[in-house]
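S.K.: My structure is below; once you've seen it, I'll send some questions.
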Amino acid sequence: MRTKTLLIAVAALAVGLASSVAQSNVYSLNVVGYINKEILGGNKYTGVANNLNGTNNTLPVLFGATGAVGLPGGSAVLKWYPGALDYTTYPKLAGPGFTGAGATATLNPGEGALVRNAGGTYTNTFVGEVLQGTLTVSNSSAGLGYQLIGNATADSGTANALGLGNLTGGSAVLLWTRDQGGPGVDDWKTYGKLAPANLWAAAGIPNIDVADGFLLRLSTSVPSYIWSRNFTVQ
């Protein structure tokens with residue numbers, strides 16, 4: 001899955017300089033940037049996360065651009081709701097809008113979704129601030145332990161490198177993977193943790209790319225889990 005990230009450090013430097021000139025003891029460390037995420041076409045699904053915090057993280061803003069750069073009409077964004085044990089589907093209209101609750105539904109940093117694209121493969125661009133400092137994504141074992149989540153900031157790496165190595169045995173990370181259900185059939189691929197040693201099973205350690213949405217399944221013995229990590233743009 002091709003994903004390209006650009007963090008505009010020059011913009012952060014310019015903001016900091018402008019602030020320090022205006023008021024000598026005040027400066028900004030905000031870093032803004034964009035992420036290009038390939039969204040498969042042909043009514044296939046793509047696991048997606050928004051790793052940047054924009055001024056408006058609603059679905060119409062994130063996916064509503066018209067023409068060749070937006071999610072086409074007839075597509076949909078699906079979010080998993082543990083209390084309902086099911087996905088909630090937000091259909092995309094032709095043009096920038098979504099129907100019903102999709103008009104105000106959000107995809108914030110730390111949340112994940114499946115995107116079904118009724119058109120051709122295209123690249124969706126997310127724009128916003130790179131969140132820094134101590135970042136947390138809270139999860140519960142409600143709903144059979146499944147949560148559809150994403151990284152709270154714009155980086156990638158193995159689950160261990162991103163702070164998920166302490167998941168207990170019986171837990172798992174599931175990535176939406178091409179041809180996982182057979183040639184041409186995409187599905188969730190499970191990367192499980194073994195008990196009692198808490199080692200990753202034969203599938204290995206999952207690698208979570210920028211803008212990847214994924215399922216986290218907690219062990220039935222774990223009532224809640226907080227994915228916490230520290231991140232600073234170097």
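S.K.: Pop out the ³J(HN,Hα) list for the range 172-187 in order, Karplus 6.51 cos²θ - 1.76 cosθ + 1.60 with θ = phi - 60°, rounded to Hz; leave Gly and Pro as x.
M.R.: 7, 10, 10, 10, 6, 10, 5, 6, 5, x, x, x, x, 10, 8, 6
S.K.: Something else: Show that you can apply the helix-only estimate: for the chain, add -39,500 (n - 2.57) for every DSSP H stretch of four or more residues, divide by all residues, and state [θ] at 222 nm to the nearest 500.
M.R.: The helix-only estimate for the chain comes to -2500 deg cm²/dmol at 222 nm.
S.K.: Just the C-alpha atoms of the chain: what Rg/Rh do they give, with Rh taken as the Kirkwood radius? All intermediate terms of the calculation are to be shown ahead of the outcome.
M.R.: On the way: Rg = 18.5 Å, Rh = 18.6 Å.
On the Cα set of the chain, Rg over Rh gives 0.99.
S.K.: Continuing with the same structure: Most exposed first by the Cβ proxy, i.e. fewest other Cβ within 10 Å, how do THR153, THR136, THR55 rank?
M.R.: Ranking THR153, THR136, THR55 by Cβ neighbours within 10 Å, fewest first, gives THR55, THR136, THR153.
S.K.: If you don't mind, there's one more thing I want to ask. May I ask which of LYS79/LYS193; LYS44/LYS189; LYS44/LYS193 have a Cα-Cα span longer than 18 Å here?
M.R.: Distance filter (> 18 Å) returns LYS79/LYS193; LYS44/LYS193.
S.K.: With point charges of +1 on the Cβ of Lys and Arg and -1 on the Cβ of Asp and Glu, referenced to the Cα centre of the range 37-234, which listed residue (ALA103, PRO60, PHE231) lies farthest in the positive direction of the dipole?
M.R.: Among ALA103, PRO60, PHE231, the one farthest towards the positive end of the dipole of the range 37-234 is ALA103.
S.K.: Further question on the same structure: Hey, got the dipole for the range 37-234? About the Cα centre, +1 on K and R Cβ, -1 on D and E Cβ, debye to the nearest 20?
M.R.: 160
S.K.: Could you tell me which of ALA159, ASN139, SER171 has its Cα farthest along the dipole of the chain towards the positive end, charges placed at Cβ (Lys, Arg +1; Asp, Glu -1), taken about the Cα centre?
M.R.: Comparing the listed Cα positions along the dipole, SER171 ranks first.
A short reminder: the numbers here are calculations on the coordinates, not readings from a lab. Bear in mind the structure is a predicted one, so any value in this text is a computation, not a measurement. Reconstructed Cβ throughout: ideal geometry from the backbone, glycine too, with neighbour counts over all protein chains shown.
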